[in-house]
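Right, one structure below, let's go through it.
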Amino acid sequence: MGFHRKAASIKIKRAYGVLLATYGLRGWWPVSPDGAVAAVYEPGRDPRRLTAGQRLEICWGCILAQNTSWKNAAVAVERLRREKLMGLPEMLRCGERQLAQTIRSSGYYNQKASKLKALAAFFGNNPGWELEETLLLRRKLLSVRGVGQETADSILLYALGRPRFVVDAYTRRIFHRIGITTEAAGYEDIQKIVESSGLEMMGFAEYHALLVELAKRHCTKHHPACGGCPLNFAQVRSQISL
């Protein structure tokens, strides 16, 4: 693993405080209010109070956001709503070719159409899936075509309000660069230290979104803007490095 889990957990919580003070609550994952087409951000919203339709919208969005920006995925989500394909019966009935054309903006649209159909089939074959125990449901989700760890945990956290931290490329990059984890740290290693840091479910949701914001503004893959990074000031870095 290459890092001390307890020390890393302390650093993670301190970095979270700095990012929250800098960017504020992000309100991720955005969802569409009943009757609306466009998704909105609602900081402080408890995902456990989402409607069934909003939960499905997030689940579809978790597939559509794979390997693309949220801007492109959001257009596809809106198209699903405009074409009245957001509900489970509609998604199950829709032809894969029609679905692929509807979600073209998300990229890899033929593959994602197949993944959406597979996820819809899983939901259809498992009534009450959202009530299942977290680890059991996660194992079942991982058996669905196109659902990896990041997608499964996004569904659990953002659609169901389960306390699972989502580890993406931004998280790996930032934690490695500020000395919290090693470059070789695995998905579950990183997830465990965040989940043992004392943050709760709402904190996991916000932290993931805050790291995405930092990555977009400063911690880019190439040529990062370290000078203005809120985690790069000398005083902050010394605190995080304790």
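Here are the numbers for this structure:
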item	result
Residue ID - surrounded by the fewest Cβ atoms within 10 Å (Cβ to Cβ), chosen from residues in region 130-149 that are among the hydrophobic types (A, V, I, L, M, F, W, C) and within 20 Å of ALA113 (Cα to Cα)	LEU142
Given (1) out of contact with any helix residue (DSSP H, G or I) (no Cβ under 6 Å at 6 or more places or on another chain); (2) surrounded by fewer than 17 Cβ atoms within 10 Å (Cβ to Cβ); (3) at pLDDT 95 or above, number of the condition ASP153 does not satisfy	(2)
Odd one out for LEU80 among (1) without any contact (Cβ under 8 Å) to a residue 24 or more places away in the chain; (2) buried (at least 16 other Cβ atoms within 10 Å of the Cβ); (3) farther than 24 Å from PRO33 by Cα	(3)
Contacts under 6 angstrom Cβ, first residue in region 177-194 being closer than 16 Å to LEU211 by Cβ and of a type in the set (Lys, Arg), partner open to solvent by 30 Å² or more (accessible area, probe 1.4 Å) and in a loop (DSSP other than H, G, I, E, B), 6 or more apart	none
Failed item, numbered, when PHE165 is tested on (1) farther than 22 Å from LEU25 by Cβ; (2) open to solvent by less than 10 Å² (accessible area, probe 1.4 Å); (3) not basic (Lys, Arg)	(1)
Listing of helices (runs of 4 or more DSSP H) fully contained in region 136-218 that carry 1 or more residues being under 20 Å from LEU56 (Cα atoms)	149-154, 201-217
Residue tally, condition in a helix (DSSP H, G or I) and either basic (Lys, Arg) or more than 19 Å from GLU78 (Cβ to Cβ) (or both), over region 93-118	11
Qualifying positions in region 22-48 - open to solvent by 60 Å² or more (accessible area, probe 1.4 Å) and either within 16 Å of the chain's Cα centre (by Cα) or free of Cβ contacts under 8 Å to residues at least 40 places away in the same chain (or both)	LEU25, ARG26, ASP34, GLY35, TYR41, GLU42, PRO43, ARG48
Residue tally, condition open to solvent by 50 Å² or more (accessible area, probe 1.4 Å) and at negative phi, over region 106-121	3
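The values are calculated or read from the model by the stated rules, or taken from the named source; none is laboratory data. Not measured: the values here are computed from a predicted model. Reconstructed Cβ throughout: ideal geometry from the backbone, glycine too, with neighbour counts over all protein chains shown. Quick note on the areas: whole protein, heavy atoms, side chains included, nothing else; ligands and nucleic acids left out. Shrake-Rupley method; radii C 1.70, N 1.55, O 1.52, S 1.80 Å.
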